[in-house]
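To start, the structure under review is shown below, and the notes come after it.
The values are calculated or read from the model by the stated rules, or taken from the named source; none is laboratory data. Since we're looking at a predicted model, the values are computed, not measured. Quick reminder, even Gly has a Cβ in these numbers, built from the backbone with ideal geometry, and neighbours come from all protein chains shown. The protein model used for the area step is the full one, side chains on, heavy atoms only, and it has no ligands, DNA or RNA in it. Shrake-Rupley method; radii C 1.70, N 1.55, O 1.52, S 1.80 Å.
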Amino acid sequence: MSSTGRSEALHHDPRLPLPIALRIHPRARRLKLRFDESGQRLLLTCPPRSNRRAALDWAASQRLWVEARLVEAEPAQPLEPDAVIPIEGRDIRLSWIEGGPRLVTLSGDVLACGGPREAFARRIEAWLRAHARRTLSADTAEAARRAGVTVRRVTIGDAGTRWGSCSASGSIRYNWRLVLAPPEVRRWVVAHEVAHRVHMNHGPAFKALEGQLFDGDAEAARSLLRRIGPGLKRVGRSL
Ligand SMILES: [Zn+2]
């Protein structure tokens, strides 16, 4: 405990990717959120007589800022020869074969292609996106069949911080980087989005259907994605 502030125990707010410590500061005039020195938890400074729940709600509203900082903190992992990247949770080495064919092939734990060296990263990323589209489309079709719903369209992107989103018109959009994650993480996101085809909320009926479609520990998959997500978002980035 410091002389100027009062610390509370760590909160694990499901809306935020890191545990959060609240601290009442007698001279604080507004809520302030930052990372602690370790980068492993958040510190929320509150003015005296703050409402704890309102303060946590405000911190949760800063989620996008927190996630962007976490992504920045991860080292970039460019798609270059001899780099090792995760694909479906397995470590795969990238290999450029000078004078080899341009076609990208996955064989054992090596993802290889030839063609011009300058086009290597672009070609590998195109393969990863195509692999993501195939895998996520197949997972989605299977989950939709089990849920007895239709999915109008599956699209693949890399926008924003969301891993998946389901529109009211019945299209589901995924981040292609899900194909880098262990399969259970990817399948949980699919179960989550397909369950939104039935319930456009996160209520108890939604949770029950999500659990039924996933066949696993949804909470564990969610927290694993939260932990590895920032690293996955650095794959293919050079800065
Ligand atoms: Zn949702």
Query raised in the report: Which of the residues spanning the stretch 9-27 are open to solvent by 20 Å² or more (accessible area, probe 1.4 Å) and not charged (D, E, K, R)?
Result: Ala9, Leu10, His11, His12, Pro14, Pro17, Leu18, Pro19, Ile24, His25, Pro26
Report task. Report yes if Ala168 is open to solvent by 20 Å² or more (accessible area, probe 1.4 Å), over 14 Å from Ala144 (Cβ atoms) and of a type in the set (A, V, I, L, M), otherwise no. Result -> yes
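Among the residues that make up the stretch 168-182, is at least one of them assigned to a helix (DSSP H, G or I), over 26 Å from Ala126 (Cβ atoms) and among the aliphatic types (A, V, I, L, M)? Give the derivation first.
Applying the first criterion (assigned to a helix (DSSP H, G or I)) to the stretch 168-182 yields 176-180.
With the extra rule that they be over 26 Å from Ala126 (Cβ atoms), the set shrinks to none.
Taking every residue of the stretch 168-182 in turn, none turns out to be assigned to a helix (DSSP H, G or I), over 26 Å from Ala126 (Cβ atoms) and among the aliphatic types (A, V, I, L, M).
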Query raised in the report: Taking only pairs six or more apart or across chains, which ones have beta-carbon atoms under 6 Å, a first residue in the stretch 185-204 that is at positive phi, and a second residue that is open to solvent by less than 10 Å² (accessible area, probe 1.4 Å) and at pLDDT below 95?
Result: none
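Among the strands (runs of 3 or more DSSP E) contained in the stretch 75-117, which hold 3 or more residues that are touching a strand residue (DSSP E or B) at 6+ places or on another chain (Cβ under 6 Å)? Give the steps one after another, and end with the answer.
Values: elements: 84-87, 90-96, 105-107, 110-113.
Passing ranges, in order: 90-96, 110-113.
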Report task. Give Gly148, Gly216 a once-over and let me know the one that is away from the ligand (no atom under 13 Å from the Cβ), open to solvent by 40 Å² or more (accessible area, probe 1.4 Å) and touching a helix residue (DSSP H, G or I) at 6+ places or on another chain (Cβ under 8 Å). Result -> Gly216
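Under 24 Å from Glu67 (Cα atoms) and over 14 Å from the mean Cα position of the chain (by Cα): is that true of Ala168 in this structure? Break it down into steps so the answer makes sense when it comes.
On the way: under 24 Å from Glu67 (Cα atoms): no; over 14 Å from the mean Cα position of the chain (by Cα): yes.
No: the conditions fail for Ala168.
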Requested in this report: Would you check if there is a residue in the stretch 171-188 being within 14 Å of the ligand (Cβ to nearest atom), closer than 30 Å to Arg69 by Cα and open to solvent by 50 Å² or more (accessible area, probe 1.4 Å)?
Outcome: yes
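Only one of these is within 14 Å of the ligand (Cβ to nearest atom) and either out of contact with any strand residue (DSSP E or B) (no Cβ under 7 Å at 6 or more places or on another chain) or not in a loop (DSSP other than H, G, I, E, B) (or both): Thr161, Thr155. Name it. Spell out how you get there, then give the answer.
Values: Thr155 fails: within 14 Å of the ligand (Cβ to nearest atom).
Going through Thr161, Thr155 in turn, just one is within 14 Å of the ligand (Cβ to nearest atom) and either out of contact with any strand residue (DSSP E or B) (no Cβ under 7 Å at 6 or more places or on another chain) or not in a loop (DSSP other than H, G, I, E, B) (or both): Thr161.
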